[in-house]
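What follows is a set of notes on a single structure, which appears directly below.
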Amino acid sequence: MHRRGGKRIRMDDPPPEYVNPMTPATPMTDYGGQSVHEPETPHANYSGFKVGTAANSTAMETAREEVDEHLEDEGRSPSPAPTKRITRSRGRGGDGGYVGRLAESPPPPPLRRRGRGGRGRGRGRGAAPPPAASPPPILMPGDDENSLYNILRFNKAAINQVVDMWIEEYKTNRESALVQLMQFFINSSGCRGKVTPDMASMEHTLIIKKMTQEFDEESGEYPLIMSGQTWKKFRSNFCEFIQTLVKMCQYSIIYDQYLMDNIISLLTGLSDSQVRAFRHTATLAVMKLMTALVDVALLTSVNCDNCLRQYEAERLKARDKRASERLEVLVAKRQELEENMEEIKNMLSYMFKSVFVHRYRDTLPDIRAITMAEIGIWMEKFPAHFLDDLYLKYIGWTLHDKVGEVRLRCLQALQPLYECEELKGKLELFTSKFKDRIVSMSLDKETEVAVHAVKLVIAILKMHPDMLVDKDCENVYELVYSSWRSVAAAAGEFLNVRLFRSEEPAAPQRSRRGKVRLPNTPLLRDLVQFFIESELHEHGAYLVDSLIDSNPMMKDWECMTDLLLEEPGPDEDPLDNRQESSLIELMVCCVRQASTGEPPVGRGPARKNQLLSKEQAKMVSDERARMTTHFMAVLPTLLDKFRADPDKLANLVAIPQYFDLELYTTQRQEANLTLLLNKIREIVRQQTESEVLETCGRTLEYLCSEQCAVYSRCKVARATITDMCVDKYREAIDEFRTLIEGGETPDADEQFSVTNSLRKVSIMYMCHNLNDNNIWDSLFEDLPKCIDRDDPMPKLALVYVVRACFYSLLWSLHELEERGTGADLLRDRLHGYCAHCRDIVSRGTTAQLRGEAYTSICDLLILFAEQLHSRHHPGDERYRRLVCEPDTTLCDLLNDFIQEFVFLTRKISEAERNPAAIERWIRDVSELHAGRPPPALAYTWSVSLCPILHHLSSKRYQLNIRLHIFSKMPDIDSLMEEWPASVEAVLGAGAGAGVPGATLRCSVAQYAALACAVLDVPVSGRGLRPLLQGLHLLFALYSAVKSSQLYAQRQREADDDSAAHT
C-alpha cells in the first residue's frame, strides 16, 4: 500500500460514499490530483491528454497541491474526471520514449454548476424506472438509416463488416469517421442531437453541453434500459462493436494519436454528465473499451516475449552465422512493442482513474454493476497489471453495496480469481482483509448473492485452507438447513470440501466377521456426527436434500445398512443408540428423495405441479429400482434387529412405501415379500406407539395397491392384520364390560388392553375399511360415556372411539359412492354421531375429548356440505338427505370452543416460582404455532384429511377443501419495524398532511384500503375478502403495537410531559 500525507490507506476501510453516496450531478469535492482511492501509477508519463494550454503549468500544479492538502485534512473523495477534449501535445521523441502522453492524474474539473445545468437536469438519480415493455425501435423522420447506430439497432449487417466499412472511411477522411463514431455514442444514449462536421474541432465540453440541451427529457427511457428482444440485441451489438473496433485497429490506428485521444475524451466527459443516459452509456463504452485494450495488451505481451526469444536465439548464434540486420530488426520491433505496451497501460490507467474511480460508486446501481463486472474480467485476463491490492480494494469496498445485483457482480468477479492457483500469492492480503465480509454474505437476503458467496468461500477454502477459522465454517454449515434450496446445495458443497473428503485409509477396515468396509463408511460416520451436533433432528430431510445431488454417499445403501447390521471390527467404534437412530433417519430421508425426486416441503420448485424432465425421471426410476433391489432383501433383517425400538421402527417401516413393487415379481422375491408382511404383522401385534402403528397402516395400504401384481398376496396379509386388531378389541371390550356389569373394577392391565386395542382399531380404520367387521354398534355404544365423568372407561380409549366412528362414516360414504347402497343407514349413523359430538364438545370430560369431537364435527360439516348434493350428485335425493348444515346453536357452540381453547389468555401466578408452568405454556404456544400455516403460505388442503379420503375422489366427486391465503402477508414483526424519521415527520404533520382523518370524503371500504396502504398492509385484489384479510392484519398490528414495551414507554413519557405542563 502506498502512503499519502503520512497516512496509511487501509484496504478494508470503505470510502465514505457508502454512508452518504455521491450524487453524480454534484461532486463531493473539486479534486484534480491523485485520489487516495486511485492506484499509484509508477510509469506516469502519459501527459498529452490536457485541458487547454495550462494543463501542465506550474500554477496548475501548485493549485493541485493546495487542493490535495485541503482534501487530505477533510478526507473527501475525488471529483469526476475532466470533460474537455483531449489532444496529444507531442509525439514520439527520438529517445524512443514518450515526451507527452495522458496526464498521470486527471486535471481539475470545471467549477460546480448551480441551477439547471442544461435541459438534462433531473435525468440523474430521480429518473423513473422503465416501464414493463418498451416499444420496438422505429426509424423516425430525419434519421440517417445508414448511421452506425441504426445499422446496429436494426441489425442490418455483421459487426465485422460494419467495422470494416468504418475503417475504410477513417483511412479516407478521419474527421468524418470520427464524427460518425461520436454520433453513434450520442445516439446510443437516446439523444437525437446531431453532431455536425464543424463540431469536430469544438471542445468536447461544448459538444456535450449542446447535446444535453437537445436531449428529450419527456421519456425516461434510453436504449440500454429499454426492454424487448430488439433492444437486448442492440446492447449486445453495442458492446461487440466497441471490442471489434479496437481489435481490428490494434496494429496501427489506436496508436495514431488521434482516434483514442478523441474517443477517450468524449466518453470521459459523457461519463461525468448529469444525464443518466449519457453517464450510463459512456461508462459501459469505456469499460468495454478497456476490456478490448486488455486483450490487445495480452497479444502485445505475447508478441514481445516471442520477439525477445527470437532475439536471444539469433544473438547466441556463431558470429559467422549471425545476421546483424535481423538483430536490428528484432531490436526495433521489440522497442516498438514495448512502446505500444506502455501506451496501452497508460491509456488503461488514465481511463481507470478518470472513469472507473468515480463511477464505481455512482448512484445508479446498473453503472456500479458494470464497473464491478468489467474489473473482474481485467483481473482475470491481465493479472500482471490489474491483480493488485490497489485495484482489488475497489471490489472489497463494493461488497458492502446496498443493491444485491452489485454485490453479486463483485462475487462473480472474484470467483475465477480464487480458482486459479497461480494467483494465490496476490490474493492473500485481500483475503485477510475481506474474508469476514465474504463469509457474512452467505447470509445475504438475496438468494443468488448468498449462493455465490458460499461458492466463493469454497474457493477460498481450497486456496487458503488455514485462513478460515472454525467460526467462519460454522456459519456456512448452518446453511444446509436453509429454506432456499440453491443456498443449501452450495452449503452442501462446502461440507463436502471441508468435512466429507474421502481419504484412503492406511489399511481397509473390516467388520467382526471380516467383511471389508466400503469407502464411504467413515464419511457416513462423519455425517451422522454432524447431524447430531447440529441439534436439528427434525430437519434431516433438509440436510439430505443439501447433499444428495453432490455426494454419492447419500445413495450408498449397502454402506448404510452394513453400518447398522455388521458388528464393528476390532479397530472400529460401535454406533451408540443415538447414532443408530440418526443414521436410520437420514437413510429413510435419502430413500424418500431418491425414489421420488421431490425435495422436502419448503424447498420445492417455484411453480406448482412442475414435472421432472425425461432424463430426471429416468434417473429417479433407475435409483428407485436399485434401492428397492437392495432393501427387499435387507429390510426384514433390519426390522428384526430393531423390533424393540419404536423410534427406529417408525422410520424403517416407512421404507416399503417407496418400493417399486413390480420388482418383487420380476426378480422372484415373493419370499422376501412374505417375510416383510410377517414382520409388519408382528410389529402391529407387539407395538403400542401410535407413530409406529400409523406407519405400518400406511405401508400396508401402499403394498395393497390394486394395480400391482402382489396385490392378492398383500390383501390376504392385510385381512389377517385387521382381523387380528378387531379380534383383540372385541376380546378386550367384552372382558371390560363383563367386569363392569359384574360390579368389579377393571385393573390397569385391563384398561391398557382396551385402550391399546382401540388405538390399533382407529389407526387401521384410518387406512383400511373395517366396516365389514361390524364394530359400529360396539363403538357407538361407548360414545355417551364421553360426558360421564364417573364412568370407568379410560378417557384416552374414548378419544379413539370418537375417531374410529368418524372414519367409519367416511368409509360408509365411500361405499355409497362405489356400490350405491346404504344411504339411509349412513344418514342415521351420521345424525346420531353428530348429536353425540355436540354433547362432547359442550360437556366432554377432558379437553382432548372435546377437541377430537370438535375436529370431527368441522370435518363432517365440510364433507357433507351442500356441495355434496348440488355439485357432485345433483338430482340424487339420497345425497340431499345426507347434507349437514350448521344451525345457530352449533355455530355458537363451535365459537365458544374456539374462544375457550384457542384464544385463551391465562395468567401464571407466582411465575418466578413455577418454571414448569412457564415451560408448559411455551410448549403449548409452540404447538399452536406449529399447527398454523405460515403467513406467506398459499396452499391447498386436499381431500386427504385422512388417508381414506382419496378413495372418495372420482371423476364425478371431487372434495377439495381449499384454504387460501391469497397473497404473501407480512408478519407482524416486519410491520412493527420503526419508520424513518422523515416518514414519521410527515405522518405526524399538521393540517394538510399526516394520516387521513375520519372526515375524509370517501366510502368505508376506500378508507380501509387507504389505512392499510399507509401502514404497508397489502390488500391484494378487489372485493370484500381481500379487504377483510388486510383489516384483520391491521387490527392485529394495532394490538401488537398497543401491547409493546416501546408504546408503553412513550405513553408514560407523554403522560409525564402533560403532567409537567399542568
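Values in this text are rule-based calculations from the coordinates and carry no lab data. Worth saying up front: this structure is predicted, and the values here are computed from it rather than measured. Using ideal geometry, Cβ is built from the backbone for each residue, glycine included, and neighbour counts are taken over all protein chains shown.
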*Tally Lys and Arg at +1 and Asp and Glu at -1 over the other residues with C-beta under 12 Å from the C-beta of R498: what net charge comes out?*
-3
*Distance in nm between pseudo-label sites at T999 and E168 (7 Å out along the Cβ direction from Cα)*: 7.9
*Rounded FRET efficiency, nearest 0.05, which uses the C-beta distance separating A1040 from A917 and R0 of 25 Å*: 0.55
*What full-extension length gain, to one decimal in nm, is calculated for D526 and T821 as 0.36 nm per residue of separation minus the Cα-Cα distance?*
100.3 nm
*Go through 754-765, 376-387 and give me the packing order, highest mean Cβ count within 10 Å leading.*
754-765, 376-387
_Candidate lysines for bridging to K210, where Cα separation is under 27 Å - those fewer than 8 sequence places away on the same chain excluded_ = K50, K84, K194, K288, K353
*Per-residue Cβ neighbour rank within 10 angstrom, fewest leading, C239, C891*: C891, C239
*In nm, spacing of pseudo-spin labels at E474 and R498 (7 Å Cα→C-beta vector)*: 1.1
*State, as an integer percentage, the relative contact order of region 769-907 based on alpha-carbon contacts under 8 Å between residues 6 or more apart.*
22
*Output the peptides 620-632, 580-592 sorted from most to least packed, where packing is the average of other Cβ atoms within 10 Å over each peptide's residues.*
580-592, 620-632
*List F752, F430, F897, F659 from most exposed to least, where exposure is judged by having the fewest other Cβ atoms within 10 Å.*
F752, F897, F430, F659
*What relative contact order, as a whole-number percentage, does region 193-305 give when Cα pairs under 8 Å and 6 or more residues apart are counted?*
26
*FRET efficiency, 1/(1 + (r/R0)^6) with R0 51 Å, evaluated for E706 and Q509 via beta carbons*: 0.65
*Over what distance in Å are the Cα centres of region 550-595 and region 207-261 separated?*
61
*Contour minus Cα-Cα distance for D723 and L612 (0.36 nm per residue)*: 35.9 nm
_Segment E689-N577, length gained on full extension (0.36 nm per residue, minus Cα span)_ = 38.5 nm
_I need the peptides 402-411, 730-739 ranked by packing, meaning the mean over residues of other C-beta atoms within 10 angstrom, with the highest value on top._
402-411, 730-739
*Filter the cross-link list K424/K445; K247/K402; K232/K424; K679/K728; K233/K426 down to pairs whose alpha-carbon distance in this structure exceeds 27 Å.*
K424/K445; K247/K402; K232/K424; K233/K426
_Cross-link pairs K614/K715; K555/K648; K462/K515; K393/K462; K641/K785 - those with Cα-Cα distance over 30 Å_ = K614/K715; K462/K515; K641/K785
